[in-house]
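A short write-up of the structure that comes next.
The values are calculated or read from the model by the stated rules, or taken from the named source; none is laboratory data. Predicted, not measured: the structure shown is a model, and the values here were computed from it. Every residue, glycine as well, gets a Cβ built from its backbone with ideal geometry; the counts of neighbours run over all protein chains shown. Just the protein is used for accessible areas: all its heavy atoms, side chains included, with ligands, DNA and RNA removed. Shrake-Rupley method; radii C 1.70, N 1.55, O 1.52, S 1.80 Å.
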Amino acid sequence: MKKIKDFTLEELKEELKALGEKPFRAEQIFHWIYVEKVKSFDEMTNLSISLREKLEQEYTLSNFNIIKKQESQDGTKKYLFDVLDGNAIETVLMEYHHGKTICVSSQIGCKMGCKFCASTGIAFVRSLTAGEIVEQIIAVEQDIQDKISNIVFMGIGEPLDNYENVIKAIRILNHSKGLNIGARHISVSTSGLVPKIYDLVKENIPCTLSISLHATNNEKRSSMMPVNNAYPIEELIQACKDYIAATNRRISFEYALAKDNNDNLEDAKALVKLLKGMLCHVNLIPINKIENGSFTKSTNENIIKFRDYLNDHGIVATIRRELGSDIDAACGQLRRKNL
Ligand code: SAH
């Protein structure tokens with residue numbers, strides 16, 4: 001059965017036309033799903049009963065069930081959702097002073113194989129559909145009875161390895177007649193799939209692009225992130241420069257600091273050299289230890305020194321607050337869990 005949340009409003013209008021209905025019905029349905037957040041076609045009371053029945057036969061609303069919900073001492077919530085085919089994914093909700101941010105998964109498992117990430121080591125199953133990405137936001141909003149203001153594609157999976165569905169999900173989330181979450185409040189994080197960065201330029205969606213950099217030379221980066229063998233640092237940085245030139249948008253570089261690996265002054269110097277003059281921001285993430293992982297967190301002293309060196313040399317850098325680590329909800333700790 002077709003999943004109704006997989007359609008943009010424009011596509012839904014075509015679907016309705018094919019059912020012999022007027023396109024404005026699509027707007028009504030869109031409103032019920034994304035503004036009223038109803039869980040059944042039956043609740044769409046301004047549609048005729050016969051249309052509701054027709055929708056019921058052709059489509060599913062595919063509401064996720066919450067299998068498990070954990071709450072951290074800092075207020076972060078981690079959800080394990082049943083995606084209705086025997087698989088499960090994790091989604092995290094974080095509270096910041098500027099609003100609620102949700103960290104969504106884009107795939108069930110991940111193919112990238114980053115050595116420091118908990119999503120590695122469990123077999124990749126499949127990409128999520130656009131509707132399954134969007135449903136994570138709806139299900140959390142339903143649960144907390146509140147609006148989410150920011151979305152980061154930093155959960156399980158590589159969003160640019162599920163390009164079409166991620167773009168479609170952003171268009172659905174962004175729509176003024178639906179959830180109406182501004183593209184500027186949406187961040188897409190990539191391990192560095194260079195051709196897709198060029199594709200993203202053409203979409204004309206003003207979301208934030210985050211690049212998981214983590215190292216400044218190919219030897220070290222390849223040892224942490226196998227994707228670097230396919231798209232080495234020079235190609236990645238060139239793509240970022242081209243992206244900035246074409247969009248005039250600032251890129252955010254993520255750099256996870258691991259003790260005695262990439263956190264010394266030489267690394268900071270190399271990072272300044274690499275990023276000098278680019279319209280960018282560096283997000284320093286104290287690396288989170290994962291089960292059987294060999295990377296450990298840098299000392300607080302080193303993290304601060306690293307940040308200060310960057311800031312003193314013209315690169316704006318901030319340290320990401322660690323949220324949800326007591327419930328394994330921090331960066332890189334999400335896994336696909338079997339039901
Ligand atoms: N695949 C995408 C998005 C998912 S990961 C990407 O690679 O960007 C989101 C961020 O968390 C990435 O920057 C990733 O490198 C980082 N991350 C992964 N494991 C981590 C860990 N153990 N500690 C800190 N950050 C981690």
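What number of residues within the range 145-161 satisfy the criterion of being open to solvent by less than 10 Å² (accessible area, probe 1.4 Å) and within 15 Å of the ligand (Cβ to nearest atom)?
Of the residues in that region, 6 qualify.
Residue by residue through the range 89-123, note down the ones that are crowded, with 19+ Cβ neighbours inside 10 Å, in a loop (DSSP other than H, G, I, E, B) and not polar (S, T, N, Q).
Across the range 89-123, the qualifying residues are VAL104, GLY109, CYS110, MET112, CYS114, PHE116, CYS117, ALA118.
Pairs only if they're at least six apart or on different chains, beta carbon under 9 angstrom, first in the range 26-38 and at pLDDT 95 or above, second open to solvent by less than 10 Å² (accessible area, probe 1.4 Å) and of a type in the set (D, E, K, R); list them, first residue then second.
ILE33/LYS5; TYR34/LYS5; LYS37/GLU141
Filter the range 97-110 down to the residues that are farther than 20 Å from GLY86 by Cα and either within 11 Å of the ligand (Cβ to nearest atom) or at pLDDT 95 or above (or both) and list them by number.
Answer for the range 97-110, where residues must be farther than 20 Å from GLY86 by Cα and either within 11 Å of the ligand (Cβ to nearest atom) or at pLDDT 95 or above (or both): LYS100, THR101, ILE102, CYS103.
Pick from ILE244, ILE172: which is closer than 21 Å to VAL272 by Cα, more than 14 Å from the ligand (Cβ to nearest atom) and among the β-branched types (Val, Ile, Thr)?
ILE244
In this structure, does ASP146 turn out to be of a type in the set (Asp, Glu), assigned by TED's automatic domain parsing to the domain that holds VAL227 and touching a residue at least 60 places away in the same chain (Cβ under 8 Å)?
It is false that ASP146 is of a type in the set (Asp, Glu), assigned by TED's automatic domain parsing to the domain that holds VAL227 and touching a residue at least 60 places away in the same chain (Cβ under 8 Å).
Of all residues in the range 179-196, count the ones that are more than 12 Å from the ligand (Cβ to nearest atom) and not basic (Lys, Arg).
Total meeting the criteria: 9.
What tally of residues in the range 291-300 results from selecting those that are more than 24 Å from the chain's Cα centre (by Cα) and either open to solvent by 90 Å² or more (accessible area, probe 1.4 Å) or away from the ligand (no atom under 15 Å from the Cβ) (or both)?
Total satisfying the criteria: 4.
Of the numbered conditions (1) touching a Leu at 6+ places or on another chain (Cβ under 6 Å); (2) part of a loop (DSSP other than H, G, I, E, B), SER176 fails exactly one; give the number of that condition.
(1)
Note down all Cβ pairs under 8 Å where the first residue falls in the range 185-205 and is in contact (Cβ under 8 Å) with a residue 60 or more places away in the chain, the second is buried (at least 22 other Cβ atoms within 10 Å of the Cβ) and of a type in the set (D, E, K, R), and they're at least six residues apart or on different chains.
Listed pairs, sorted by first residue: SER191/GLU158.
Before we move on, is ALA258 over 30 Å from ARG126 (Cβ atoms), among the small types (Gly, Ala, Ser), within 16 Å of the ligand (Cβ to nearest atom) and at pLDDT 95 or above?
Yes.
Select from the range 276-290 the residues that are away from the ligand (no atom under 14 Å from the Cβ) and either open to solvent by less than 30 Å² (accessible area, probe 1.4 Å) or touching a Cys at 6+ places or on another chain (Cβ under 6 Å) (or both) and list them in ascending order.
MET278, CYS280
Those residues that are open to solvent by 80 Å² or more (accessible area, probe 1.4 Å) and assigned to a strand (DSSP E or B), I need them from the range 66-84; list them, please.
Listed by number, the residues that qualify are LYS68, LYS69, GLU71.
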